[in-house]
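The values are calculated or read from the model by the stated rules, or taken from the named source; none is laboratory data. This structure is a prediction, so every number in the text was calculated from the model and none was measured. Here Cβ is always computed from backbone atoms with ideal geometry, including for glycine, and neighbour counts include all displayed protein chains. Heavy atoms of the whole protein, side chains included, go into the accessibility calculation; ligands, DNA and RNA do not. Shrake-Rupley method; radii C 1.70, N 1.55, O 1.52, S 1.80 Å.
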Amino acid sequence: MKEIEILVIGGGPAGLCAAAAAAELGAHVLVLERDSKPGGQLVKQTHKFFGSKKQYAGDRGIHIGDFLLEQVTESPLVEVWADTTALGIYEDGVVTAEKDNQHLKIKPARIIAATGASEKALMFPNNDLPGIYGAGAVQTLMNVAGVVPGKRVLMVGAGNIGLIVSYQLLQAGVEVAAIIEGAPTIGGYLVHASKVRRAGVPIMTSFTVKEAYGKETLEGAIVCQLDEKWQPIPGTEQDIKADVMCLAVGLSPLTELLWQADCKMKYVGELSGHVPVRSRFMETTRQGLYVAGDVSGVEEASAAMVEGRLAGVSAALSLGYGKDVGCKMQADAMEELKELRSGPTGEKTMQGLWKLTGKEGAIC
Ligand SMILES: Cc1cc2nc3c(=O)[nH]c(=O)nc-3n(C[C@H](O)[C@H](O)[C@H](O)COP(=O)(O)OP(=O)(O)OC[C@H]3O[C@@H](n4cnc5c(N)ncnc54)[C@H](O)[C@@H]3O)c2cc1C
């Protein structure tokens with residue numbers, strides 16, 4: 001059985017920042033990452049990030065991921081186990097994991113769950129036809145494996161992910177037939193929407209997929225307009241030919257380990273699903289188990305990094321490390337989160353956090 005002071009589950013921006021911050025205060029940390037390259041979503045983000053300069057806005061996601069990984073691998077106090085999946089968190093505090101077909105047991109004094117989120121699917125007839133992908137899969141194919149997913153894409157979702165992936169498809173020489181969006185307005189930043197529109201891609205708001213069709217693989221989809229109650233309007237159907245449909249319809253926090261660990265969970269739509277109830281220091285209702293990043297409510301990499309730092313510092317402080325500087329680091333991270341969430345894009349998160357605690361301002 002491997003013993004460690006702090007175990008971080010998930011090597012995305014939240015997990016890597018948590019590990020770096022805890023090690024900075026002197027704690028020994030082990031990071032488990034199920035993929036072969038840590039970095040989480042960042043490993044496929046070839047675009048320049050938006051947000052605040054403090055969280056590397058203006059740098060490309062892949063470079064931010066490399067930088068965060070370098071930071072932890074340079075620390076003698078952090079071990080990173082890639083290709084290792086955490087399987088369960090048990091009552092006695094033991095965490096089990098799988099690596100190279102071996103079943104491992106780890107006994108940490110503290111745990112930080114930073115497992116991120118999974119893509120949401122959409123229900124419509126024939127949604128299992130080959131050629132229908134989540135946006136993350138399309139990005140992984142193009143930006144990690146260097147393979148285009150097809151020739152002509154119907155994008156579903158005009159949030160930032162749908163807009164950015166559409167632009168990346170165009171850059172890779174793939175035609176984007178249209179972007180359809182169920183809501184009456186575009187959810188992503190206007191700067192991204194303008195780029196794809198300038199390239200001739202129509203963005204059809206208040207539209208959804210009625211059905212997909214194709215003999216063996218996707219050949220096209222019937223889309224239709226929605227009324228203000230999100231009901232299909234008869235007679236508005238359009239046939240869009242495409243060999244790829246890309247679903248960019250949101251993410252759900254990846255919380256299975258937290259359910260299994262018996263953390264108190266709450267459904268908060270603004271945070272994208274069931275999320276753990278947690279203190280302002282990111283500790284869940286299970287003592288010694290902290291969370292950070294999309295698993296605690298879907299936001300952006302910038303917030304995930306700061307939450308990671310906050311969770312890392314809090315876990316290290318609870319073990320007696322960094323008494324002199326730790327509290328200041330905690331306060332700084334909470335202030336940074338407040339700043340990040342103060343603009344119009346942070347409004348939804350703030351509402352969600354308010355619902356989670358029932359107390360305005362209780363969480364950051
Ligand atoms: C197309 C797209 C564009 C984006 N653009 C921006 C942008 O411009 N600016 C911005 O700020 N944000 C952007 N984001 C959002 C940002 O990428 C995420 O908010 C951020 O990556 C969340 O960080 P995280 O560490 O919480 O989760 P993730 O990055 O998802 O990392 C979680 C990690 O945990 C690992 N993991 C999960 N379960 C286990 C397990 N059981 N055992 C071991 N490992 C596990 C996963 O493999 C993953 O590496 C974008 C996202 C997408 C999809």
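Within the range 213-240, being closer than 23 Å to Leu129 by Cα and loosely packed, with under 12 Cβ neighbours inside 10 Å holds for Lys215, Glu216, Asp239. Count of the range 261-309 residues, restricted to those that are at positive phi and within 15 Å of the ligand (Cβ to nearest atom), is 5.
Considering Asp227, Asp294, Asp243, the condition of being assigned by TED's automatic domain parsing to the domain that holds Ile164 and in contact with a Gly (Cβ under 6 Å, 6 or more places away or on another chain) is satisfied by Asp243 alone. Within the option set Leu141, Leu77, Leu129, being within 16 Å of the ligand (Cβ to nearest atom), more than 19 Å from Gly250 (Cβ to Cβ) and not charged (D, E, K, R) holds for one residue only, Leu141.
If the condition is being within 13 Å of the chain's Cα centre (by Cα) and assigned to a loop (DSSP other than H, G, I, E, B), then the range 256-283 contributes only Ser272.
When the range 218-248 is filtered for residues that are touching a helix residue (DSSP H, G or I) at 6+ places or on another chain (Cβ under 8 Å) and assigned to a loop (DSSP other than H, G, I, E, B), only Ala248 remains. Taken over the range 26-54, the criterion of being more than 7 Å from the ligand (Cβ to nearest atom) and open to solvent by less than 20 Å² (accessible area, probe 1.4 Å) is satisfied by Ala27, Val29, Leu30, Val31. Apart from one condition, Thr96 fits all of (1) β-branched (Val, Ile, Thr); (2) buried (at least 16 other Cβ atoms within 10 Å of the Cβ); (3) at pLDDT 95 or above; the exception is (2). In the range 80-91, the residue that is nearest to Trp259 (Cα to Cα) out of those that are among the β-branched types (Val, Ile, Thr) and more than 9 Å from the ligand (Cβ to nearest atom) is Ile89. Could you please give the count of residues in the range 297-312 that are open to solvent by 10 Å² or more (accessible area, probe 1.4 Å) and either in the same structural domain as Asn160 (by TED's automatic domain parsing) or more than 16 Å from the chain's Cα centre (by Cα) (or both)? Residues meeting the conditions: 1.
Please determine whether any residue of the range 284-292 is surrounded by fewer than 17 Cβ atoms within 10 Å (Cβ to Cβ), part of a strand (DSSP E or B) and not basic (Lys, Arg). The answer is no, given that none of the residues of the range 284-292 is surrounded by fewer than 17 Cβ atoms within 10 Å (Cβ to Cβ), part of a strand (DSSP E or B) and not basic (Lys, Arg).
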